Every structure is written in C-alpha cells, then in structure tokens.
Amino acid sequence: MISRIKDVIDPKKIDYIISNHVEMDHSGSLPKILNYAQNAKIITSTRGEKGLIRHYKDNWDLKVVKSNDKLNIGKRNLNFVEIPMVHWPDSMVTYSPYDKILLPNDAFGQHIASSKRFDDELDWGILKEEAAKYYANIVMPFGGQVEKALEGLSGLDIDMIAPSHGLIWRSHISEILNEYKKWSTYENDKKALIVYDSMWGSTEKIALKLQEGIEKAGINVTMKNLKTNHISDIITEVLTSRLILIGSPTLNNTMLPTMGGFLTYMKGLRPKNKVGFVFGSFGWGGQAVGEIEKILKELSWELPLKSINLNYIPDDDELANVEQIGEELVKYI
Ligand code: FEO
C-alpha cells in the first residue's frame, strides 16, 4: 500500500487522511501510515475522534467534521455525511462532487475475494448475494439508521460508489440502492427457510416432511442443516425469508449446542417481520422446543401454529400430520 501511495505522491506531502470509520479493519494501519505521512491531519467525525483516541492513545492531529461540512483539497471540495450505526456510531461517508464518487466505507460493501475491481466485471447475481450476506451479517440490526442514511445520500449525483470492502459499484448503482431500501425496511420474499440440526435423524425427518408440505403449497424452501452450513450463510437466507422454521432435538435438557450458537448469533442481528415455527424431537424432557420459542418471541416473530415436539422416532401418521402442518403454515405468509 505504501508503495502504491508513493507511486502517486511523496507521503510527506499528504495533508489529510480521512478516517470514515474507527473499526480496526479501517483504522488499524493509521499508526504505521502516519510514520510516512508525518504531516497529515486526520479528518474524522465527533465520535470518530473519541474512538480514535480510545483505540490509539496518541496525540494525533485530528480535525472533526460534521454532516454537510466541506473540505477543500484543491480542485475538489469533499463533502461529509454522518451515517451513525452504519456500521458504528462514528461512521461517516465522504463524497466528491467533482468526481461524483461516494466513499461510503462499510455501506454497500461485500466480503468477497476477487481479482475484479468493478461491479460489471462480475455477475450481478454473485454480487447481490455477497452484498446481501454482508448486509445481513453486519448491518441488519440497524435498518432504521440505514433508511436515514439513504435519505441523507438521496440528493447526491453519484457515478460511482467505492465501499471499503469488496468491489466498486459503477453499473448497478440503482440496483444496490434498491436492495438496501428493501433490506433496511425488512421486506421479505415469499419463501421459506428451514434451519435445523439432528442427533439421531428424527428432527431431520420432521424437517424434510415440513419441506414437502410447504413445497406442496407452492412455496420454495431452503434447507440449512447446521452441521454443514456456516451461520453467516444461514443469516443471508434469514434476511429475506418470510417463513422461518427452526428445529432441534433436546440434548441434556436443552437444545443442541449448534442451535444455541446459531440462535445467539441471530438474536443479536434482530431479524424482523418473520413468521416462525419450531419443531424438534426428544427422548424425555423435551425442553429445546420451548427454549427456541422463547427466543423467537423475544424477536417478536409471529408463531401462528403450535410447535411440533415428537418422542424418539416419528411414525408414519405423525409424519403425515407434520406434512399437513407445513402446508398450513403457508397460509400465514
Ligand atoms: Fe465496521 Fe469494515 O468495519
């Protein structure tokens, strides 16, 4: 990075470094960069200043900017817009009207490794999926703040959005803005997701019958077994699924640890506007189902039908009933 900067300018001649966001994936190299750019002033938001001081405990030359402040750097006047909680309280974006480039830091990012640089060099489907995964796992709890940020950016004339993660948007700008609008308002697609784990196969039998019932009623179902899917990929599906079914057997008087981990993670991301359903199996006790219900209720999900909790191994009649419940659930989405 230093060598690339040196290709353009002697680092000693750099007047300003803009710190749009304190989180260390963006600020972690500042101490080293300042060894080269010894004369640079750091531009940051009010909360950015506090955050940088707490992180680096150094006497840096900091200049605080607020929304609508401008910074002249020659032929360019850089504008700043604070976008608190997208992703941290200090987050802000920088906009260059001269270039019509928006530098939104975390917003519109993707966690993708690619040799490509621009959105039109990769398939839109891949990029949309990666942007959704990023949003779901990083930004989902802050829908209201994202809506406000989008309003704040709505008047800007933008040719390019260059986030600090992933590829640069230049051909799909309206599409990614539309996706953000949809995600920030917790709009769902009419589809179902079944997240489950199984110990001896009974909960999986129930999961597969629920899938059959839902598909019979004409709704697509995505199956996510916790043994073979990473929780960040499951959360991507949670983002836009209207109907979400969660299943675990009871082990040692509680749900399986994989389900405990997943629900802890999902609860923190606070997905909204969902219809839920809980299922499981047990030998004795059977506490897992009630514990899962409790978490879904805390998230204010609708739970229109009574959960399924079957003893040991489900028989044919029970499985036929499970399939019917799957069909029935579709009425609530
Ligand atoms: Fe909130 Fe990319 O850090």
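One line per residue, one yes/no per condition, for (1) away from the ligand (no atom under 11 Å from the Cβ); (2) modelled with pLDDT of 95 or more; (3) farther than 27 Å from Ile42 by Cβ:
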position	(1), (2), (3)
Val93	yes, yes, no
Ser114	yes, no, yes
Leu122	yes, yes, yes
Lys128	yes, yes, yes
Lys133	yes, yes, yes
Gly143	yes, no, yes
Ile161	yes, yes, no
Ser164	no, yes, no
Residue satisfying all of: in region 166-186; among the β-branched types (Val, Ile, Thr) and closer than 23 Å to Asp123 by Cα; farthest from the ligand (Cβ to nearest atom) among these
Ile173
Checked Glu49, Glu23 against criteria (out of contact with any strand residue (DSSP E or B) (no Cβ under 9 Å at 6 or more places or on another chain) and surrounded by 12 or more Cβ atoms within 10 Å (Cβ to Cβ)); the one match is Glu23
When His111 is run through (1) part of a loop (DSSP other than H, G, I, E, B); (2) surrounded by 17 or more Cβ atoms within 10 Å (Cβ to Cβ); (3) of a type outside the set (Gly, Ala, Ser), the failure sits at (2)
Please verify whether Leu193 is in a strand (DSSP E or B), under 19 Å from Glu291 (Cα atoms) and not polar (S, T, N, Q), treating the condition exactly as stated.
no
When region 69-91 is checked residue by residue, the ones that are away from the ligand (no atom under 12 Å from the Cβ) and hydrophobic (A, V, I, L, M, F, W, C) are Leu71, Ile73, Leu78, Phe80, Val81
Somewhere in region 224-246, is a residue farther than 26 Å from Tyr134 by Cα and part of a loop (DSSP other than H, G, I, E, B)?
no
Confirm whether Glu215 is in a helix (DSSP H, G or I) and surrounded by fewer than 17 Cβ atoms within 10 Å (Cβ to Cβ).
yes
Any pair with Cβ under 6 angstrom, 6 or more apart, that starts in region 306-333 at a residue that is at pLDDT below 95 and ends at one that is among the β-branched types (Val, Ile, Thr) and buried (at least 20 other Cβ atoms within 10 Å of the Cβ)
Ile333/Val275
Out of the residues in region 15-31 that are in contact with a helix residue (DSSP H, G or I) (Cβ under 8 Å, 6 or more places away or on another chain) and more than 16 Å from the ligand (Cβ to nearest atom), state the one that is nearest to Asp61 (Cα to Cα).
Ile17
May I ask you to list pairs of residues, at least six apart or on different chains, whose Cβ atoms are under 6 Å apart, with the first in region 255-267 being of a type in the set (D, E, K, R) and the second being part of a helix (DSSP H, G or I)?
Lys267/Ile295
Members of region 1-38 that are within 28 Å of the chain's Cα centre (by Cα) and of a type in the set (Ser, Thr, Tyr):
Ser19, Ser27, Ser29
Hey, Trp60 within 21 Å of Ala131 (Cβ to Cβ) and either within 16 Å of the ligand (Cβ to nearest atom) or not polar (S, T, N, Q) (or both) or not:
no
From the options Lys272, Lys205, Lys267, residue that is assigned to a loop (DSSP other than H, G, I, E, B) and touching a Leu at 6+ places or on another chain (Cβ under 8 Å):
Lys272
In region 95-108, what count of residues is obtained for those that are within 16 Å of the ligand (Cβ to nearest atom), within 18 Å of Val64 (Cα to Cα) and surrounded by fewer than 24 Cβ atoms within 10 Å (Cβ to Cβ)?
1
Given (1) in contact with a Ser or Thr (Cβ under 9 Å, 6 or more places away or on another chain); (2) under 27 Å from Leu153 (Cα atoms); (3) of a type in the set (A, V, I, L, M, F, W, C), where does Trp88 come up short, assuming only one miss?
(1)
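The values are calculated or read from the model by the stated rules, or taken from the named source; none is laboratory data. Keep in mind that this is a model prediction, so the values were computed, not measured. Don't worry about glycine lacking a Cβ; one is built from the backbone with ideal geometry, like all the others, and counts go over all protein chains shown.
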